[in-house]
Amino acid sequence: MERRDGPDGRELYVDREQRERGSKGPFFVVYSDAERDGRWGYFCGNCETFNNAMDAMGRIQCNECSNVRKPDEWDAAHE
């Protein structure tokens, strides 16, 4: 795992082996500790930022480069 300084200055750990496919690049799972006990969020592999958002359906979107992971379940009624 790769140690990086998070947005609030604390150490975060990017697991480059656990990834989700994005439209522009992968999203890597981020942990708050090296033992993988506390899952923190995602790291955008396209623009290398922690500035991402996830909705209730599992869609991940990078707020910097608009890299997007499609939701787990999609229903036209949600659009």
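How many residues, within segment 16-30, are farther than 13 Å from residue 50 by Cα and assigned to a strand (DSSP E or B)?
Here is the first cut: in segment 16-30, the residues farther than 13 Å from residue 50 by Cα are 16-25.
Subset that is assigned to a strand (DSSP E or B): 16-20.
Summing the residues that are farther than 13 Å from residue 50 by Cα and assigned to a strand (DSSP E or B) in segment 16-30 gives 5.
Considering only residues that are under 10 Å from the mean Cα position of the chain (by Cα) and open to solvent by 100 Å² or more (accessible area, probe 1.4 Å), which ones fall in segment 2-20?
19 - this is the single residue of segment 2-20 that is under 10 Å from the mean Cα position of the chain (by Cα) and open to solvent by 100 Å² or more (accessible area, probe 1.4 Å).
Could you list, ordered by first residue, the pairs with Cβ atoms under 8 Å in which the first is in segment 43-67 and free of Cβ contacts under 8 Å to residues at least 12 places away in the same chain and the second is polar (S, T, N, Q), at least 6 apart or interchain?
What qualifies is 53/61; 53/63; 61/52; 61/67.
Of all residues in segment 40-73, how many are part of a loop (DSSP other than H, G, I, E, B), modelled with pLDDT of 95 or more and open to solvent by 80 Å² or more (accessible area, probe 1.4 Å)?
The qualifying residues number 3.
State which residue is nearest to residue 68 (Cα to Cα) when the search covers only segment 22-39 and only residues that are open to solvent by less than 30 Å² (accessible area, probe 1.4 Å) and touching a residue at least 40 places away in the same chain (Cβ under 8 Å). Don't jump to the end; show me each part of the working.
Step one: list which residues in segment 22-39 are open to solvent by less than 30 Å² (accessible area, probe 1.4 Å), which gives 22, 25, 27-31, 38.
From the residues that got through so far, the ones that are touching a residue at least 40 places away in the same chain (Cβ under 8 Å) too are 22, 25, 27.
Values: 22: 5, 25: 9, 27: 9 Å.
Out of the qualifying residues, it is 22.
The values are calculated or read from the model by the stated rules, or taken from the named source; none is laboratory data. Bear in mind the structure is a predicted one, so any value in this text is a computation, not a measurement. When we count neighbours, we look across all protein chains shown, and the Cβ atoms used for this are built from the backbone with ideal geometry, even at glycine. SASA here: full protein model, heavy atoms, side chains in, ligands and nucleic acids out. Shrake-Rupley method; radii C 1.70, N 1.55, O 1.52, S 1.80 Å.
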